[in-house]
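Shown next, in structure tokens, is the structure this report addresses.
Quick note: the coordinates plus some simple rules give every number you see, no bench work behind them. Keep in mind the model is a prediction, meaning the values are calculated, not measured. When we count neighbours, we look across all protein chains shown, and the Cβ atoms used for this are built from the backbone with ideal geometry, even at glycine.
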Amino acid sequence: MEWPDKPVELTDDTLAKFTSEHIVAVVDFWGPSCAPCKMIAPIIEQLATEMKGQVAFGKMDVTKNMKTSMSMGIRSIPTLVFYKNGKMVKSKMGFIPKGRLISEIREIL
């Protein structure tokens, strides 16, 4: 299994495979016109590099992947969804500062 060092662009068709291939994965559900999404994106980029080998980061554009967004009940963006062993363990809505995001991830490592 290859650990990505940057967020992987996910789709309705690739989400399940991505989350099941990595022990811990964090997926950012975002949209192109969302200001808080643009604020959290560089933090996720940094963490993808810093936490390579421990956590895989993905991002899913909700405007292009409505099926997944609707089935998961994503109502606000950004929403970060945390997976462990392919199963969703928690989700957080809105902008999250880097330190708090690291704490949220460490809880499931």
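Provide the per-residue ³J(HN,Hα) series for segment 92-104, in order, calculated from phi with Karplus coefficients 6.51, -1.76, 1.60 and θ = phi - 60°, each as a whole number of Hz, with x at glycine and proline positions.
9, 9, x, 5, 10, x, 3, x, 5, 5, 4, 4, 4
Tell me the mean residue ellipticity at 222 nm calculated for the chain from its helices only (DSSP H runs of n ≥ 4, each -39500 (n - 2.57), averaged over every residue, nearest 500).
-10500 deg cm²/dmol, from helical runs alone.
How much length would be gained if the chain were fully extended between Glu9 and Gln54, taking 0.36 nm per residue of separation minus their Cα-Cα distance, in nm to one decimal?
Contour length minus Cα-Cα distance gives 14.4 nm.
For Val89, what charge total do you get from the other residues with a beta carbon under 14 Å from its beta carbon, if Lys and Arg give +1 and Asp and Glu give -1?
+3
Which FRET efficiency, nearest 0.05, do Met66 and Glu104 yield, Cβ-Cβ r, R0 30 Å?
E between Met66 and Glu104, to the nearest 0.05, is 0.70.
From Cα pairs below 8 angstrom and at least 6 apart in sequence, can you work out the relative contact order of the chain, rounded to a whole percent?
37
So what J values fall out for segment 10-16 if you push phi through Karplus, 6.51 cos²θ - 1.76 cosθ + 1.60 with θ = phi - 60°, rounded to Hz, Gly and Pro as x?
For segment 10-16, the Karplus-derived couplings read 10, 10, 3, 7, 10, 4, 4 Hz, x marking Gly and Pro.
Give me the net charge of Lys6's neighbourhood, meaning all other residues with Cβ under 11 Å from the Cβ of Lys6; Lys, Arg count +1, Asp, Glu -1.
Spelling it out: positives minus negatives among the neighbours equals -1.
Under a Cβ-only charge scheme (Lys and Arg +1, Asp and Glu -1), can you give me the dipole magnitude of the chain about the Cα centre, in debye to the nearest 20?
Charge dipole, the chain, about its Cα centre: 360 debye, nearest 20.
What longest range of the chain stays clear of loop-exposed GluC sites (Glu not before Pro) (DSSP non-H/G/I/E/B, at most 11 other C-beta within 10 angstrom)?
The segment 3-106 is the longest one with no such site.
What is the fewest-to-most order of Asp5, Asp13, Asp28, Asp61 by other Cβ atoms lying within 10 Å of their Cβ?
In order of increasing Cβ crowding within 10 Å: Asp13, Asp5, Asp61, Asp28.
As a footprinting exposure proxy, order Met60, Met93, Met70 by other Cβ within 10 Å, with the fewest listed first.
Going from least to most buried by this count: Met70, Met93, Met60.
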